[in-house]
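A.B. asks: I'd like to ask some things about the structure below.
The values are calculated or read from the model by the stated rules, or taken from the named source; none is laboratory data. Computed from a prediction, not measured in an experiment: that's the story for all the values here. Here the Cβ is made from the backbone with ideal geometry for all residues, glycine too, and neighbour counts use every protein chain on show. These accessible areas exclude ligands, DNA and RNA; they are computed on the full protein's heavy atoms, side chains included. Shrake-Rupley method; radii C 1.70, N 1.55, O 1.52, S 1.80 Å.
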Amino acid sequence: MRRRRIYEGKAKVLFEGPEPGTLVQYFKDDATAFNAQKKGVITGKGVLNNRISEFFMLRLAEIGVPTHFVRRLNMREQLVRQVEIIPLEVVVRNVAAGSFAERFKTEEGTPLPRSIVEYYLKNDELGDPLVTEEHITAFGWAATQDLDDMLHLALRINDFLSGLLIGVGLKLVDFKLEFGRLWDDEEQMHIVLADEISPDSCRLWDLKTNEKLDKDRFRRDLGSVAEAYQEVARRLGVLPEAGPVDLQGPKVVQ
C-alpha cells in the first residue's frame, strides 16, 4: 500500500496513520552508532525490535504507565498515537557502562550507588549533548512539571523493567527513553512514553556472564548481533516462530 511518510529516523519510519491522531511506526533493519558515524544493516532487527517493544509497552500499560502504543499491525509495524515529541533523551543508568564509564573513569560493570537519570538534547548536529534541568527550562524544551513527570515515569519504568528482566536472566544496565505530549478530549495535556524500548535503546547483559545482548555488539564489532537480539526475544517469549523474517517495506508517497 502507498502511504505518506511523515518522518524518517535512524531506525524507524513514521507514516500517516489510518485515522486522525495516529501514525504507523515502521521498524527498519538499519543500525547506527556514534551519532550515525558508523552505519550498517542487521537483517531482521526491525522484526525483533517491533515484537520486543510491543511486549514492553503492553507490560508497562498494565501497571498504568501511559504510552503512545496502540497495537502491533504486522511483523514490522505498530499503530501509535501521534504525540508532540519532547526533544530530549532520558537516560537511566544502573551500572557504569559506555560513555558514562569513560566520563567518570569508572570500570565498566560497576553498579552505581543508585539509579542515575541524565538528559540529552536530541540534536544530531550538536552530537546529542548532555544537558541540565537549567538548560531545558531556560530554552523551553520542557517545563518543570514536564520534567517531574518524565523523571517519575522513567524511574517507575526502570524499577519495573529491571525486575521483569532479572526474571529472564538479564541485567538492565542502562536505557534511553523518549516522551511526548498527548492531549485528551478535554484538551488536557499528558506526558506519555513514546518511541521504542528494545536492544537498540537498552544495554542488556546476561545476568550470570555479563555477555552483551544489545546494540553494543554492533558498536564494538563483537559479532553475532542478530543472534543477540534473537536471544532477548526468545527469553521474553516473543521470538517469531519463523525467525526474524525480512519483509519488504511499504511504498512511500513523498
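A.B. asks: Do you know which residues across segment 225-254 are at pLDDT 90 or above, among the hydrophobic types (A, V, I, L, M, F, W, C) and open to solvent by 60 Å² or more (accessible area, probe 1.4 Å)? Break it down stepwise before answering.
C.D. replies: Residues of segment 225-254 that are at pLDDT 90 or above, as a first pass: 225-239.
Those left that are additionally among the hydrophobic types (A, V, I, L, M, F, W, C): 225-226, 228, 232-233, 236, 238-239.
Leu239, the sole residue that qualifies.
A.B. asks: On the given criteria, is Arg203 closer than 23 Å to Val95 by Cβ and part of a helix (DSSP H, G or I)? So that I can check it myself, show each step before the final result.
C.D. replies: Details: closer than 23 Å to Val95 by Cβ: yes; part of a helix (DSSP H, G or I): no.
In short, no.
A.B. asks: I would also like to ask the following. Only one of Leu73, Leu58 is more than 16 Å from the chain's Cα centre (by Cα) and farther than 22 Å from Asp174 by Cβ; which?
C.D. replies: Details: Leu58 fails: more than 16 Å from the chain's Cα centre (by Cα).
Exactly one of Leu73, Leu58 is more than 16 Å from the chain's Cα centre (by Cα) and farther than 22 Å from Asp174 by Cβ, namely Leu73.
A.B. asks: When segment 44-67 is examined, which residues are found to be open to solvent by 30 Å² or more (accessible area, probe 1.4 Å) and under 25 Å from His190 (Cα atoms)? Steps first, please.
C.D. replies: Start the filter on segment 44-67 by keeping residues that are open to solvent by 30 Å² or more (accessible area, probe 1.4 Å), which leaves 51, 54-55, 58-59, 61-64, 66.
Selection gives Glu54, Phe55, Leu58, Arg59, Ala61, Glu62, Ile63, Gly64, Pro66.
A.B. asks: Also, I was wondering about something else. Every residue in segment 184-228 that is without any contact (Cβ under 8 Å) to a residue 12 or more places away in the chain and within 17 Å of the chain's Cα centre (by Cα), please.
C.D. replies: Arg217
A.B. asks: Among (1) in contact with a helix residue (DSSP H, G or I) (Cβ under 7 Å, 6 or more places away or on another chain); (2) more than 28 Å from Phe100 (Cβ to Cβ), where does Tyr7 come up short?
C.D. replies: Just one mismatch for Tyr7, condition (1).
A.B. asks: Are any of the residues in segment 180-188 in contact with an Asp or Glu (Cβ under 7 Å, 6 or more places away or on another chain) and open to solvent by less than 60 Å² (accessible area, probe 1.4 Å)? Break it down into steps so the answer makes sense when it comes.
C.D. replies: Of the residues in segment 180-188, the ones in contact with an Asp or Glu (Cβ under 7 Å, 6 or more places away or on another chain) are 180-181.
Those still in the list that are open to solvent by less than 60 Å² (accessible area, probe 1.4 Å) too: 180-181.
Among the residues of segment 180-188, at least one is in contact with an Asp or Glu (Cβ under 7 Å, 6 or more places away or on another chain) and open to solvent by less than 60 Å² (accessible area, probe 1.4 Å), which makes the answer yes.
A.B. asks: I'd like to know if segment 41-56 contains one or more residues that are charged (D, E, K, R) and over 28 Å from Gly237 (Cα atoms).
C.D. replies: Filtering segment 41-56 down to residues charged (D, E, K, R) leaves 45, 51, 54.
Filter once more, keeping what is over 28 Å from Gly237 (Cα atoms): none.
Within segment 41-56, none of the residues are charged (D, E, K, R) and over 28 Å from Gly237 (Cα atoms).
A.B. asks: If you don't mind, another one. How many of the residues in segment 118-168 are open to solvent by 50 Å² or more (accessible area, probe 1.4 Å), of a type in the set (D, E, K, R) and under 17 Å from Leu193 (Cα atoms)?
C.D. replies: Residues flagged as open to solvent by 50 Å² or more (accessible area, probe 1.4 Å), of a type in the set (D, E, K, R) and under 17 Å from Leu193 (Cα atoms) within segment 118-168 amount to 5.
A.B. asks: Something else: Could you grab the pairs with beta carbons closer than 7 Å, sequence gap of 6+ or different chains, first residue in segment 107-124 and on the phi > 0 side of the Ramachandran plot, second one in a strand (DSSP E or B)?
C.D. replies: Correct list of pairs: Gly109/Val95.
A.B. asks: Would you pick out the residues in segment 206-224 that are surrounded by fewer than 23 Cβ atoms within 10 Å (Cβ to Cβ) and either out of contact with any Gly (no Cβ under 8 Å at 6 or more places or on another chain) or under 19 Å from Arg51 (Cα atoms) (or both)?
C.D. replies: Thr209, Glu211, Lys212, Arg219, Arg220, Asp221, Leu222, Gly223, Ser224
A.B. asks: Please determine whether any residue of segment 31-43 is among the small types (Gly, Ala, Ser), open to solvent by 10 Å² or more (accessible area, probe 1.4 Å) and either modelled with pLDDT under 95 or touching a Lys or Arg at 6+ places or on another chain (Cβ under 6 Å) (or both). If you could, list the steps in order and put the result at the bottom.
C.D. replies: Step one: list which residues in segment 31-43 are among the small types (Gly, Ala, Ser), which gives 31, 33, 36, 40.
Imposing the further condition that a residue be open to solvent by 10 Å² or more (accessible area, probe 1.4 Å) reduces the set to 36, 40.
Filter once more, keeping what is either modelled with pLDDT under 95 or touching a Lys or Arg at 6+ places or on another chain (Cβ under 6 Å) (or both): 36, 40.
Taking every residue of segment 31-43 in turn, at least one turns out to be among the small types (Gly, Ala, Ser), open to solvent by 10 Å² or more (accessible area, probe 1.4 Å) and either modelled with pLDDT under 95 or touching a Lys or Arg at 6+ places or on another chain (Cβ under 6 Å) (or both).
A.B. asks: Now for a separate question. Here are the criteria: (1) out of contact with any Ser or Thr (no Cβ under 7 Å at 6 or more places or on another chain); (2) in a strand (DSSP E or B). Tell me which single one Lys176 does not satisfy.
C.D. replies: Tallying (1) out of contact with any Ser or Thr (no Cβ under 7 Å at 6 or more places or on another chain); (2) in a strand (DSSP E or B), Lys176 fails exactly one: (1).
A.B. asks: Cβ-Cβ under 6 Å, sequence separation 6+ or interchain: first residue in segment 1-21 and open to solvent by less than 40 Å² (accessible area, probe 1.4 Å), partner of a type in the set (Asp, Glu) and at pLDDT 95 or above. Which pairs?
C.D. replies: Matching pairs, first to second residue: Arg3/Glu16; Ala11/Asp200.
A.B. asks: Can I ask one more? Condition (residue is open to solvent by 20 Å² or more (accessible area, probe 1.4 Å) and β-branched (Val, Ile, Thr)) applied to segment 68-82: is it met by at least one residue?
C.D. replies: Yes, segment 68-82 contains at least one residue that is open to solvent by 20 Å² or more (accessible area, probe 1.4 Å) and β-branched (Val, Ile, Thr).
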